[in-house]
1. Tell me the residue from Arg91, Arg82 that is charged (D, E, K, R) and in contact with a strand residue (DSSP E or B) (Cβ under 6 Å, 6 or more places away or on another chain), please.
2. Select, from Ala69, Ala73, Ala32, the only residue that is among the small types (Gly, Ala, Ser), open to solvent by less than 30 Å² (accessible area, probe 1.4 Å), more than 22 Å from Ser94 (Cα to Cα) and at pLDDT 95 or above.
3. Check His47, His83, His116 and return the single one that is of a type outside the set (Val, Ile, Thr), modelled with pLDDT under 90 and touching a Lys or Arg at 6+ places or on another chain (Cβ under 8 Å).
4. All but one of (1) small (Gly, Ala, Ser); (2) open to solvent by 50 Å² or more (accessible area, probe 1.4 Å); (3) touching a residue at least 12 places away in the same chain (Cβ under 8 Å) hold for Gly58; which doesn't?
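The values are calculated or read from the model by the stated rules, or taken from the named source; none is laboratory data. Quantities reported herein were computed from a predicted structural model and do not represent experimental measurements. Neighbour counts are summed over all protein chains in view; Cβ atoms, including those assigned to glycine, are modelled from backbone coordinates with ideal geometry. Note: areas computed on protein heavy atoms with side chains; ligands, DNA, RNA excluded. Shrake-Rupley method; radii C 1.70, N 1.55, O 1.52, S 1.80 Å.
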Amino acid sequence: HYSRRSYADGRERQLIVGPGHRLVLISHDDTALFVWRVMTWTMDGQHGVCCSVFRNEGPALSSTLVREADAIADKHWPHIARHYTYVAPGRIRSTNPGACFRIAGWTRCGWTKGGHGRDQLVILERATR
């Protein structure tokens, strides 16, 4: 996945998502992966439940999978009112990056400040209340 990061010193990663409260969802046929992570502090000021990884290689509509993952996260963390994610338009093969999230009811709320062009990320969010 394009969001994968490597350690500068060459160590192997032990986790697919960083520390803290997280929820990994895998479709029954192993063709889709959705990873949530609770973020209480980030350098860019984002907070809430973050979709750290989403990948769909199966026949299900991605927007349907996003809605289902939203519902699960709402039940898992009912006290957290915001879901968000980052999309890297320059790193995915889509003419409409983030469309599945927008179809599922998410809205664009900004861009990350760091990076230029290929490295700049779109921030999408869904307020749950």
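1. Arg82
2. The match here is Ala73.
3. After applying the criteria, what remains is His47.
4. So the condition that Gly58 fails would be (2).
Let's see how each residue does on (1) of a type outside the set (S, T, N, Q); (2) more than 18 Å from Gly18 (Cβ to Cβ):
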position: Phe34; (1), (2): yes, no
position: Met39; (1), (2): yes, no
position: Val53; (1), (2): yes, no
position: Trp77; (1), (2): yes, no
position: His83; (1), (2): yes, no
position: Val87; (1), (2): yes, yes
position: Arg93; (1), (2): yes, yes
position: Asn96; (1), (2): no, yes
position: Arg108; (1), (2): yes, yes
